1. Filter the stretch 232-270 for residues that are of a type in the set (D, E, K, R) and modelled with pLDDT of 95 or more and give the result.
2. Output yes when any residue across the stretch 282-301 is in contact (Cβ under 8 Å) with a residue 60 or more places away in the chain, assigned to a helix (DSSP H, G or I), open to solvent by 30 Å² or more (accessible area, probe 1.4 Å) and closer than 17 Å to GLY151 by Cα, and no when none is.
3. Taking the stretch 122-148 only, how many residues are under 19 Å from ALA36 (Cβ atoms) and buried (at least 24 other Cβ atoms within 10 Å of the Cβ)?
4. What number of residues within the stretch 182-231 satisfy the criterion of being at pLDDT 95 or above, loosely packed, with under 13 Cβ neighbours inside 10 Å and within 25 Å of CYS278 (Cβ to Cβ)?
5. With the structure loaded, tell me whether ALA166 is crowded, with 17+ Cβ neighbours inside 10 Å and in contact with a helix residue (DSSP H, G or I) (Cβ under 9 Å, 6 or more places away or on another chain) or whether it fails that test.
6. Does any residue in the stretch 100-126 that is farther than 15 Å from LYS90 by Cβ come within less than 7 Å, Cβ to Cβ, of a residue that is open to solvent by 30 Å² or more (accessible area, probe 1.4 Å) and at pLDDT below 95 six or more places away or on a different chain, and which pairs are these?
7. Pairs, please: C-beta under 9 Å, at least 6 apart or cross-chain, first residue farther than 17 Å from GLY199 by Cβ and in the stretch 162-174, second assigned to a helix (DSSP H, G or I) and open to solvent by 60 Å² or more (accessible area, probe 1.4 Å)?
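The values are calculated or read from the model by the stated rules, or taken from the named source; none is laboratory data. All figures in this text were calculated on a predicted structure; none of them were measured in a lab. Note that we place each Cβ from the backbone using ideal geometry, even for glycine, and neighbour counts take in every protein chain shown. These area figures cover heavy atoms from the full protein model, side chains too; ligands, DNA and RNA do not enter into them. Shrake-Rupley method; radii C 1.70, N 1.55, O 1.52, S 1.80 Å.
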Amino acid sequence: MAETGTRIRRHTKLSVVGAGSVGTAVAYACLLRGSADAIALFDTNSAKVRAEVLDLNHGTQFAPSCRIEGSDDIAVTAGSDLIVVTAGAKQHPGQSRLDLAAANVALTRDLTPGLLSVSPDAVIVFVSNPVDIVTRAAIAATGVSDGRIFGSGTVLDSGRLRYLLAHRADVAVENVHAFVVGEHGDSEVALWSSATIGGVPVESFAVDGRPVFGPDTRAELFEEVVRSAYEIIRGKGATNLAIGLSSARIVEAVLRNQRRVLAVSTLQTGRHGLQDVCLSLPTVVDARGAHTVLEVPLSSEEEAGLAASAATLREVQSSLGL
């Protein structure tokens, strides 16, 4: 049952749609972290989903208590509190995320109403790429615009940036606060003006009086953030482990009503002048979904970059009739 007020969920069900490399990584990360009491896998490939469920169940004695089931029938997702959708065409070397748009939008339009028909109160989080376009398609297909449908957005991109900053500064990543916003893709924007390390602005962070993150270093690190997924895809065919872990963080924010501020992709309704486009900004995530976009101060360069990112997404939306 969905949480209301301050009531704590007594039993939580997570469904993961898609038993490919990303979907199974999400399920595995959530099993290890004890993110939900029950996990259901749904995939149209019956042999694959059965194999993944068996493999996960064989390890349940070594993880927090969790019931795991799976099927090629959408009914397995019935009664979900939260559904994570990873199904869709796979990104190949040389492809941008936006290249996947038409196929995955068509799938989303067909799939999302079916998921809500068996779990009408569920929060749905899209991970499938291009996540911003897919999320917009899901909202258009269902009319659910209250924040219960949102995308994983730039949560992972923000994590990549924080990792690189922590590594360069030689501090624990937990002491780094920085966001990547906009499209989850090539037009995304790093919010350098509000990034901090231990409370010290990144742009003025120094060691022995020497600045660590000058303009050239910041540009180099951000280029690594943007291109890292392509490097991983070239090397092993898919990104899955980090997105599994970052998705588990989103799952827990919802199922545990944590009110975490995460850079998730939501339908924008006026913040920074943005309307009718899904993209990522720091947003409060809790049992209701993703619902409060924070007013983060932006430099003029960041404001322009965010507007350009939104324009890129609108162009794709328009070409797909969204």
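1. Passing the criteria: ARG249, GLU252, ARG256, ARG259, ARG260.
2. No, because not a single residue in the stretch 282-301 is in contact (Cβ under 8 Å) with a residue 60 or more places away in the chain, assigned to a helix (DSSP H, G or I), open to solvent by 30 Å² or more (accessible area, probe 1.4 Å) and closer than 17 Å to GLY151 by Cα.
3. So in the stretch 122-148, the residues under 19 Å from ALA36 (Cβ atoms) come out as 122-127, 148.
When the remaining residues are screened for being buried (at least 24 other Cβ atoms within 10 Å of the Cβ), the result is 122-127.
Counting residues in the stretch 122-148 that are under 19 Å from ALA36 (Cβ atoms) and buried (at least 24 other Cβ atoms within 10 Å of the Cβ) gives 6.
4. Summing the residues that are at pLDDT 95 or above, loosely packed, with under 13 Cβ neighbours inside 10 Å and within 25 Å of CYS278 (Cβ to Cβ) in the stretch 182-231 gives 1.
5. Values: crowded, with 17+ Cβ neighbours inside 10 Å: yes; in contact with a helix residue (DSSP H, G or I) (Cβ under 9 Å, 6 or more places away or on another chain): yes.
Against the criterion (crowded, with 17+ Cβ neighbours inside 10 Å and in contact with a helix residue (DSSP H, G or I) (Cβ under 9 Å, 6 or more places away or on another chain)), ALA166 qualifies.
6. VAL105/LEU320; ASP121/ALA2
7. Note: pairs meeting the criteria are TYR163/VAL173; LEU164/GLU224; HIS167/VAL173.
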